[in-house]
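Some notes on the structure that comes next.
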């Protein structure tokens, strides 16, 4: 199948492009590397050096013998989006092309507006381009479990049957997103649902949990093919960040009580889920939602899982509570349904001690690149900006970094 | 109280400003008359000549002895919004400042994007400005009953208690908006709800039905104070448009079966509802929703109510079915709750034969200004553009306009 990956330069987009290319799909990427400029702006960088997208594509050609075509264009540029669809005529579009960070969206008014306008306009452009140029194309949009928030009932996959005053209907599951970024994903979901209804487009929304992991079968083929692994407060995600803290010899910091529960999945499962969606497309006019995660952990549980494995590698680690920069429920019910992808054949790669150890070992190889000053949260949801840097209580200076034995 | 009206040049904003000013509130308007440029763009104009906003304000000063201050600024200009709040220090903000037309938002990609970006950024700017400059200010945002769509259960006021698999929660009422404009209002609602939660702002969302009417006590004081009454396919609303069709001697056109049901209210009740929200503010941190309409009619019912009164005035009228340019359910259940505003004291001005007759008579006075070529829908939800102009079957040429006896 012909698959166009929007945001194919990113943490998930790039491994997805290689994964699908290796499986015989004809793959193209659309990306203008805008995310790299946001990293520059906030002064962070991925743990492992990332080559330019052109170098990666060239390397992929040499290593795999497969060509991935690049449309170096901004998704906010509608004529470029239309032209690319018209040129490539994709059967499926995988839409990762967004500002992906909640803290980035909460920095100030400008970043809230940038996030929502960027994400909203990108998705509107994609919808209008599909409708005008390639209406048969299946849109697979990456959403987030954060769209639902943490209601006191089981979260269903996108829709819920509600019985109310003796009547019934199946309605969109009520959303309670917790940041301007998460809101942008909800806005997108609403826009896509209407487009499916009025234009008979086919779309799958993958409401994804927190992704962890460094490697896939393809990123391991050559160091030029590695993916952009973030551990900073802006673009880093929970488990990944904890592993880096463990290696850096600074406390693993849990926001608030740490009893917040979230769905998690391995980066390899992200690729498989996307593939399953592509191979089993939504029907014409259908907007469907899959909850895409494989396990539920509390943030504390994850912290201790990482700490345990780090200790086994001889690292000195401590789990520490940090003031929660977010406004979120720290004690809550959480039992989201996630059967649809398994029904399609997903066989999860569960979080294991071995995997955590592998991650820690891999991070140790880049230990000198870790900047512990970019990990602790300064961006607060309540509008106050936290003081920059570490205090003596918060962490250990970089000079006394862990030297792992494992 | 000090009340800032965003979009105070509009059909509802202007009468609201005068109404509140007359009741002793200190009123300011923020508007850059952007909507007038959208009217120019699509080639329509209000039925009655509308003076410039400055002329209206000057006239109001002379007629009422009251001053309404003007901030001539674009809501998308954040520093202007901040500066105005800092200058005026409002106790309440009434937010009408949006692109208000569903058909306008469905014209093409550019108008969909303009609508969503304009409305979203405006509201984000207002939220951030309140949070930074005037956190005690009560935000009253005009929403629409169209945010809910037409579910097969009773629509509640913003929130619904859901019992699911033995557990319960009160959650946002699921929304199924039917145009990119209606979506923009849902996006706004979500953004406001989060701002109330994380910043402890106070907000009231008035999910309004279809407003009809030409006059309020204040617009009648001087012809320079009239409000911008639209009857065209883009900015005109159902009942208002039907009255103009009746006077113009062209068929009253019902989209599709006409059994679509909607909530309606008199323009005078809009002003009273806004006043009630101002006088009974939301609590700090509270986001509440009132369903703001007084009666439910099907579109056909409204067409026949207008036709009956028009005939009594000696006008020759016909109700005719037109192909529905929208994608919407034409047969559906509709029973939205609307008790909260009545609990606060709203005494509805119900739709009456007398009122319809008054409207028809008033429209007759401007009969020569009616342009029947701007009434029939050309903007279609399915992306196809309808042929412009009337066919012999669709309408009567303008030359054979009705000459009313009444």
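Nothing in this text is a laboratory measurement; each read-out follows from the coordinates by a stated rule. On a predicted model such as this, the values are computed, not experimentally measured, just so you know. Don't worry about glycine lacking a Cβ; one is built from the backbone with ideal geometry, like all the others, and counts go over all protein chains shown.
Tilt of helix A:109-133 relative to the longest C-alpha principal axis of chain A, in degrees (0 to 90, nearest 10)?
Roughly 30 degrees between the two axes.
How high is the relative contact order of the stretch B:27-173? Use alpha-carbon pairs under 8 Å, at least six apart in sequence, and give a whole percent. Don't skip to the end; give the middle numbers.
Values: 135 pairs, mean separation 31.0, N = 147.
Computed over the stretch B:27-173, the figure is 21 percent.
Before anything else, pin down the relative contact order of chain A: Cα pairs under 8 Å, at least 6 apart, normalised by residue count, whole percent.
On the way: 816 pairs, mean separation 76.5, N = 406.
So the answer I get is 19 percent.
Tell me, B:300, B:84 in order of fewest to most beta-carbon neighbours within 10 Å? Intermediate values should be presented prior to the final figure.
Values: B:300 18, B:84 24.
Going from sparsest to densest Cβ surroundings: B:300, B:84.
Can you list, shortest first in nanometers, how far residue A:37 lies from the same residue in the other copies, with each label 7 Å from Cα toward Cβ?
For residue A:37, the other copies' label points sit at 2.4 nm, shortest first.
In Å and on Cα atoms, what radius of gyration and Dmax does chain A show?
Taking only Cα atoms of chain A, I get Rg and Dmax of 20.7, 67 Å.
How many Cβ atoms of partner chains, on average, are near each residue of B:174-187 if near means within 10 Å of its Cβ?
Details: counts 10, 6, 7, 4, 3, 2, 7, 0, 2, 7, 4, 0, 4, 9.
So the per-residue partner count for this stretch is 5.
Defining the label point at 7 Å along Cα→Cβ, can you sort the distances from residue A:361 to the same site in each other copy, shortest first, in nm?
Going from nearest to farthest copy, the values are 9.1 nm.
Counting only Cα, what are the radius of gyration and maximum Cα-Cα distance Dmax of the stretch A:1-118, in Å?
For the stretch A:1-118, the Cα radius of gyration and maximum Cα-Cα distance read 14.8, 46 Å.
Partner chain Cβ atoms within 10 Å, averaged over the residues of B:108-114 - can you pull that number for me? Walk me through the intermediate numbers first.
Details: counts 2, 11, 2, 0, 7, 8, 0.
Whole-number average of other-chain Cβ neighbours for B:108-114 is 4.
How do the peptides B:234-246, B:6-18, B:271-283, A:198-210 rank, highest first, by the average count of neighbouring beta carbon atoms within 10 Å per residue? Each step should come with its number before you reach the end.
On the way: B:234-246: 25.5, B:6-18: 27.2, B:271-283: 20.2, A:198-210: 23.4.
The densest-packed peptide leads the list: B:6-18, B:234-246, A:198-210, B:271-283.
Sum -39500 (n - 2.57) across every DSSP H segment of at least 4 residues in chain B, then divide by the residue count to get the 222 nm mean residue ellipticity, nearest 500. Let's see the in-between values first.
Working: 12 runs with 145 residues, N = 406.
Taking each H run of at least 4 residues, the total per residue is -11000 deg cm²/dmol.
Tell me the distances, shortest first, between residue A:344 and the same position across the other copies, using label points 7 Å along Cα→Cβ, in nm to one decimal.
Once sorted, the set of distances for residue A:344 reads 4.5 nm.
Below 8 Å, C-alpha to C-alpha, sequence gap of six or more: please give me the relative contact order for the stretch A:279-341 in percent. It would help to have the intermediate numbers written out before the result.
Working: 22 pairs, mean separation 32.1, N = 63.
That works out to 51 percent.
Between helix B:180-199 and chain B, what is the angle of the helix's C-alpha long axis to the longest principal axis, kept within 0 to 90° and rounded to the nearest 10?
Relative to chain B, helix B:180-199 is tipped by roughly 20 degrees.
If only Cα atoms are counted, what is the Rg of the protein assembly as shown, and what is its Dmax, in Å?
28.4, 99
What is the distance in Å between the Cα centres of the stretch B:147-226 and the stretch B:56-118?
Here the answer is 19 Å between Cα centres.
I'd like the mean, over residues of B:123-130, of how many other protein chain beta carbons sit within 10 Å of each residue's own Cβ.
Working: counts 0, 8, 3, 0, 3, 6, 1, 0.
Counting other chains' Cβ atoms within 10 Å and averaging over B:123-130 gives 3.
With 10 angstrom as the radius, rank A:163, A:368 by how many other C-beta atoms surround their C-beta, starting from the fewest.
Details: A:163 12, A:368 6.
Fewest-to-most Cβ neighbours within 10 Å comes out as A:368, A:163.
Cβ neighbours within 10 Å, averaged per peptide: list A:58-65, A:29-36, A:220-227 in order, most packed at the top. If you can, show how the numbers build up before the last one.
Working: A:58-65: 14.5, A:29-36: 21.8, A:220-227: 17.5.
Packing proxy ranking, top to bottom: A:29-36, A:220-227, A:58-65.
Need one number: % antiparallel among DSSP beta bridges in chain B, to the nearest 5.
Details: 11 of 48 bridges.
Around 25 percent of the beta bridges assigned by DSSP in chain B are antiparallel ones.
How long are the semi-axes of the equivalent ellipsoid of the stretch A:1-58, defined as square roots of 5 times the Cα gyration tensor eigenvalues? Whole Å, largest first.
Numbers: eigenvalues 108, 25, 16 Å².
One finds semi-axes of 23, 11, 9 Å for the stretch A:1-58.
Distance from a point 7 Å along Cα→Cβ of residue B:259 to each backbone N in the stretch B:302-331: keep the residues under 14 Å and list them by number.
B:329-331
Have a look at the DSSP beta bridges in the protein assembly as shown and tell me what percent are antiparallel, nearest 5.
Numbers: 22 of 96 bridges.
DSSP beta bridges in the protein assembly as shown are roughly 25 percent antiparallel.
Specify the angular offset, from 0 to 90 degrees and rounded to the nearest 10, of the alpha carbon long axis of helix B:238-248 from the longest principal axis of the alpha carbons in chain B.
Roughly 30 degrees, rounded to the nearest 10.
Taking the Cβ of each residue in A:247, B:299 as the centre, tally the other Cβ atoms inside 10 Å and list the residues starting with the fewest. Mind dumping the intermediate values first?
On the way: A:247 28, B:299 23.
Starting with the residue having the fewest Cβ neighbours, the order is B:299, A:247.
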